[in-house]
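Working notes, beginning with the structure itself.
The values are calculated or read from the model by the stated rules, or taken from the named source; none is laboratory data. These figures come from a predicted structure and were not determined experimentally. As a convention, Cβ positions derive from the backbone with ideal geometry for all residues, glycine included, and neighbour counts pool all protein chains shown.
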Amino acid sequence: MSGDPTPAHAPMVHRYAAWSLDAAAIALLTAAALHRPIATGLDACSRALDALTRAMVGGMQAAVDAGASPMALLQTSLADPTLHAAVVALTAALTRLLVLPMLAFALLSLAWFAGFEGGRWQATPGKRLLGLQVIDDDGLPPRVLRAGLRQAAGLLSWLSLNLGHALAGVPPRHQALHDRIAGIRVVRTDARPLRPAVRLWLALQLPACFLLLALLMRAVDRSLTLALDASWPL
């Protein structure tokens, strides 16, 4: 790699595809390691959601029975201690569900990217599949510490609402914010177009997001239906 003075930069779509493949692998490892806490957390969230919908429906039923106006219903709901406690409980359950997996994902990502990019491949499995490599600003293989710095600095790219990632599209060096901080470039070693399997992987991601959203809405609908049936039985 150091013998090529002007290696081609990695297109953003290739970079994203590689990252998403790595992220999926890391997520699977995280889920496998934490499947019991995750299952417990999901159950706690389900119960907290049921408690919230029962509190909401209970307040609505009391307001309807009293003939309250919509504005009065809103004011009553905002001051309802039962509803407030249910919201706090659901927030706490979601926090407990997400914090440990997110922390594990972040730490595993740091080890994954630093180890692979600072190793012999100069690439994670996702980058290797897409024909990408990382080099330092001198065109040399990065060391593990530099690759780890790049991954840690990636937090700034996320916190900038992805503006840091968008810098990868800016010529001439096409470096994202975390690339610039670590003095690393992502370059292309394979000029072939994206493989059909990778194109399919990218195409399925948006439908997968909608599917997850639909499953979430279904859970909310189920909880609300149970609460309504309990308050206003046929």
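What the table below lists for this structure:
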| read-out | value |
| --- | --- |
| Filter result for ALA147 (hydrophobic (A, V, I, L, M, F, W, C) and either more than 18 Å from the chain's Cα centre (by Cα) or not in a helix (DSSP H, G or I) (or both)) | yes |
| Residue in the stretch 130-137 that is part of a helix (DSSP H, G or I), in contact (Cβ under 8 Å) with a residue 40 or more places away in the chain and more than 17 Å from the chain's Cα centre (by Cα) present | yes |
| Selected residue [within 29 Å of LEU42 (Cβ to Cβ) and not small (Gly, Ala, Ser)] from ARG128, ARG222, ARG185 | ARG222 |
| Selection count where residues are in a loop (DSSP other than H, G, I, E, B) and basic (Lys, Arg), scope the stretch 190-234 | 2 |
| Any chance ARG146 is over 24 Å from TRP201 (Cα atoms) and crowded, with 17+ Cβ neighbours inside 10 Å | yes |
| The stretch 14-60 - residue that is among the β-branched types (Val, Ile, Thr) and modelled with pLDDT under 95 and, of those, farthest from the chain's Cα centre (by Cα) | VAL57 |
| Residue within the stretch 150-168 that is surrounded by fewer than 17 Cβ atoms within 10 Å (Cβ to Cβ), farther than 19 Å from ASP22 by Cα and touching a residue at least 40 places away in the same chain (Cβ under 8 Å) present | no |
| Residues satisfying the stated conditions in the stretch 187-210, i.e. within 17 Å of the chain's Cα centre (by Cα) and farther than 16 Å from SER20 by Cβ | PHE210 |
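Here's the yes/no breakdown for (1) assigned to a helix (DSSP H, G or I); (2) on the phi > 0 side of the Ramachandran plot; (3) surrounded by 15 or more Cβ atoms within 10 Å (Cβ to Cβ); (4) modelled with pLDDT of 95 or more:
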position: ALA86; (1), (2), (3), (4): yes, no, yes, no
position: THR91; (1), (2), (3), (4): yes, no, no, yes
position: MET102; (1), (2), (3), (4): yes, no, no, yes
position: TRP112; (1), (2), (3), (4): yes, no, yes, yes
position: ARG120; (1), (2), (3), (4): no, no, no, no
